[in-house]
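First up is the structure itself, then whatever we jot down about it.
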Amino acid sequence: MQLDDSVVAVITGGASGLGEATARRLARSGVRVALFDLNEERGEAVARELGGVFCRVDVTDDDSVDAAFARSREALGQERVLVNCAGIATAHKTVARDKQTGEIRSHPMAGFEQIIQVNLIGSFRCASRAAAGMMTMDPLMDGERGVVINTASVAAQDGQIGQAAYAASKAGVLGMALPMARDLMNEGIRVNTILPGIFDTPMMQGMPENVREALAASVPFPKRLGDVGEYAQLAETMITNGYLNGEYVRLDGAIRMQPR
């Protein structure tokens, strides 16, 4: 797909981190961008800067997602691109023993369910809504109507201690790549997935410097945290390379996560 001002892209989690970087890169090519996020202040600011539109969205809620797509399409037109970056992370062991009292606690189920709702079901909810809209578009070259990019994580394949919920949610995102591509193959809609490693996102920037340095040193090469622009570059490649479909790519500097 050629990127220009005839293309509309929706980016979930677009107010910061990987999503913001992707929105900025696509906007530089003329793409009209809609940012879906919960952070209104930041989202509105980025959207104004890029000449796009911001929609406050809770990806776990059908009505919220439907309203956001309706607003985006009214303002910019039907999207041909969706990049799902919205996600959350927590850390709880499957079962934990309190070191002082010896009390045994099971994983909080509300927390497990929330991770699945946001990362997995939220991604599918947005992808399904976007694909339905893309199916109404006239086909481009090779019959292409649109592209969906989902964001998993290296934790989908080598989750660490305390990441049972997070790893399960991201493994689910990874598992959707091929069947979704097959579901949509006759409609000219491609689906690909990115598995980021340790990236220099706002969450990472809030960590102590010694922790950031240790994480960077754990990457085989290059020995640094990933730059959000590198994620955006790969997302752009997945959009513009018409033969890339049903695929997943680890973007991680060759890291394989240790147990902790």
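Where a number appears in this text, it was derived from the coordinates with a stated rule and is not lab data. Computed from a prediction, not measured in an experiment: that's the story for all the values here. Glycine gets a Cβ as well: all are built from the backbone with ideal geometry, and neighbour counts include every protein chain shown.
At 0.36 nm per residue, and after removing the present C-alpha to C-alpha distance, how many nm does the segment from E213 to Q160 gain when stretched out fully?
17.2 nm
Calculated from DSSP H runs of 4 or more alone, at -39500 (n - 2.57) each and per residue, what is the 222 nm mean residue ellipticity of the chain, nearest 500?
Helices in the chain give a 222 nm mean residue ellipticity of -12500 deg cm²/dmol.
R28 to M141: extension gain in nm, 0.36 nm per residue of separation minus the Cα-Cα distance?
Difference between extended and current length: 38.4 nm.
What is region 1-47's relative contact order, in percent, from Cα pairs under 8 angstrom and six or more apart in sequence?
With pairs under 8 Å counted, the relative contact order is 43 percent.
To test your reading of the geometry: what angle, between 0 and 90 degrees and rounded to tens, separates the Cα axis of helix 122-134 from the longest principal axis of the chain?
10 degrees
Restricting the calculation to Cα positions, tell me the Rg (one decimal) and the Dmax (whole number) of the chain in Å.
In Å, with Rg to one decimal and Dmax whole: 18.4, 65.
Could you state the angle between the C-alpha long axis of helix 40-50 and the longest principal axis of the C-alpha atoms of the chain, as a value from 0 to 90 degrees rounded to the nearest 10?
40 degrees
Which residue, G102, A152, G162, has the largest displacement toward the positive end of the dipole of the chain when charges sit on each Cβ (Lys, Arg +1; Asp, Glu -1)?
After comparing all options, I get G102.
With a ≥ b ≥ c the root eigenvalues of the C-alpha gyration tensor of region 139-247, is it rounded (a/c under 1.5), prolate (a/b larger than b/c) or oblate?
It is prolate, given that a/c is not under 1.5 and a/b is the larger ratio.
Under the definition of Cα pairs under 8 Å and six or more residues apart, what whole-number percent is the relative contact order of the chain?
20 percent
Note down the magnitude of the dipole of region 8-251 about its Cα centre, charges +1 on Lys and Arg C-beta and -1 on Asp and Glu C-beta and zero elsewhere, to the nearest 20 debye.
440 debye
Please compute the modelled spin-label separation between E103 and Q205, points set 7 Å along Cα→Cβ, answer in nm with one decimal.
Result: 3.7 nm between the two label points.
Tell me the label-point distance for the pair Q2, E49, using the 7 Å Cα-to-Cβ offset, in nm and rounded to one decimal.
Taking the simple label geometry, Q2 and E49 are separated by 3.0 nm.
If you fit an axis through the alpha-carbon atoms of helix 228-240 and take the longest principal axis of the Cα set of the chain, what angle between them do you get, 0 to 90°, nearest 10?
40 degrees
Using DSSP, restrict attention to beta bridges with both residues in region 1-118 and report what percent are antiparallel, rounded to the nearest 5.
Counting only bridges with both partners in region 1-118, antiparallel ones make up about 20 percent.
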